[in-house]
1. Which ³J(HN,Hα) values, rounded to whole Hz and listed in residue order, are derived for segment 47-56 from phi using the Karplus coefficients 6.51, -1.76 and 1.60 in 6.51 cos²θ - 1.76 cosθ + 1.60 with θ = phi - 60°, glycine and proline given as x?
2. Give me the one-decimal nm value for the distance between modelled label points at Tyr55 and Met331, 7 Å along each residue's Cα-to-Cβ direction.
3. Among rounded, prolate and oblate, which fits segment 62-214 when a ≥ b ≥ c are the square roots of the eigenvalues of its C-alpha gyration tensor, a/c under 1.5 means rounded, and a/b larger than b/c means prolate?
4. Calculate the spin-label point distance for Ser302 paired with Asp254, positioning each point 7 Å from the Cα along the beta-carbon direction, and give it in nanometres.
5. Rounded to the nearest whole Å², what accessible area per residue is found for the chain with the 1.4 Å probe?
6. In segment 205-246, what percent of the accessible surface is made up of carbon and sulfur (1.4 Å probe, ligands and nucleic acids excluded)?
7. At what distance in nm do the modelled label points of Ser22 and Val180 sit from each other, each positioned 7 Å from its Cα along Cα→Cβ?
8. Let me have the 222 nm mean residue ellipticity of the chain computed from DSSP H runs of 4+ only, each contributing -39500 (n - 2.57), with the sum over all residues rounded to the nearest 500.
Amino acid sequence: MVASLYGVQEEQKSVWVFLEQSGGNLENVSLELLSKGRQLADEADWPLVGLMLGYRVKGLAKQAFDFGADQVWLLNHPLLKRFTVDAYTHAAYQAIQQGKPSVFLCGATPNGRDLAGRLAVRLRTGLNADCTDLRLDSERGVLTSEVTGFGGGVLALLEAPDHRPQMSTVRPGVFTAQRVEKRRSREMLEVSFQLDETQIQTRIVERIVGKGVDLTQAPVLVCGGRGIDGDFELMQDLARLLGGEIGATRPPVDEGHIERERQIGQTGVVCRPNVAFACGISGAFHFVVGIQNAGVIVSINSDPEAPIFDYSDYCVVGNVAEVVPALIETMRAEVEVTHA
Ligand SMILES: Cc1cc2nc3c(=O)[nH]c(=O)nc-3n(C[C@H](O)[C@H](O)[C@H](O)COP(=O)(O)OP(=O)(O)OC[C@H]3O[C@@H](n4cnc5c(N)ncnc54)[C@H](O)[C@@H]3O)c2cc1C
């Protein structure tokens, strides 16, 4: 196996998190990774470093410190104002060569995935994609990344004991972002690096920001499966009453009843709402992985043997088309009584 550009002997024991930003804020997934990174770094007694690339984004470092970073390495350059994978790879690669971190974590977002893949190739190290958990063996300094395989039937634990940095990506919503209570050292380091236009093949012609919904932030998620027979208006009525959003399993998405961005699960969005409703959903692991960390799961299914009930806190055996309207009616009546 090819050796990584730097190895265990040269590593600087530390956990690094790529700080992705958009619209003047750090992405939630970066805050989630900082929180997980803080836990790993504390267990090993290592520093936690945020790697921030951009142009005039120094002010965002405060958010990184608030979520646990001890240091922020800042790469400031006009060519980093907008994400292009070639500019970000050139710059991040130089920072990593200078800092030689043990662990480097990226959000499994479109940009994070793009960057992580290129960096891993350039650094000649491995990359564990879409991890569902991370652990650090502080004695060996080895990161263990958990990924699901074969439709969730297998949990694989992956390690790269001889390669550095140990790289993993994690999707938004897998970990919880938590502000740190304790005030820690807050050190900002401006990194010197080389970057010029000849290194950038990508030209941004137009930037179109979708009006997409961020389901990872919804406190309540009302999910519909094949069993609701495409009636997402009913799901929307319930979601509206509860201040939530609607999600779906893959079949209604494939059948065109709802947009793909609302698909929950392994190939969709992973969420952590306070309450998740699963209506007319059988409970395939591909779906369950997207809501299994919800505070409370309520399932409605006409089949008393449906596997979804194994994951649910409240199980209603019945027809969605009868149970959900009755639930909505009862809740509306409650609201009216409260406001009377
Ligand atoms: C590689 C791969 C990735 C995948 N990724 C995803 C993913 O990210 N997300 C995802 O959701 N799926 C994913 N799938 C598909 C997944 O395996 C399941 O096929 C899918 O989740 C099933 O959706 P469902 O529960 O809506 O449908 P079904 O399995 O058909 O279940 C429908 C349920 O509705 C119940 N029902 C029927 N009528 C009623 C009624 N009137 N009232 C109450 N209950 C009723 C039935 O009893 C049944 O339990 C993936 C599959 C593969 C192979």
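1. x, 10, 10, x, 9, 10, 10, x, 10, 6
2. Distance between the two pseudo-spin positions: 4.6 nm.
3. Working: a/c = 1.39, a/b = 1.25, b/c = 1.11.
In terms of gyration-tensor shape, rounded.
4. It is 2.1 nm.
5. Working: 16690 Å² over 340 residues.
The answer is 49 Å² per residue.
6. On the way: 1090 of 2440 Å².
Summing carbon and sulfur atoms, their accessible area is 44 percent of the total for segment 205-246.
7. 2.7
8. Numbers: 8 runs with 92 residues, N = 340.
Calculated mean residue ellipticity at 222 nm is -8500 deg cm²/dmol.
The values are calculated or read from the model by the stated rules, or taken from the named source; none is laboratory data. Quick caveat, the model's predicted, so the values are computed rather than measured. All Cβ positions, glycine included, derive from the backbone under ideal geometry; neighbour counts span all protein chains shown. Ligands, DNA and RNA are excluded from the accessible area calculation, which covers all protein heavy atoms including side chains. Shrake-Rupley method; radii C 1.70, N 1.55, O 1.52, S 1.80 Å.
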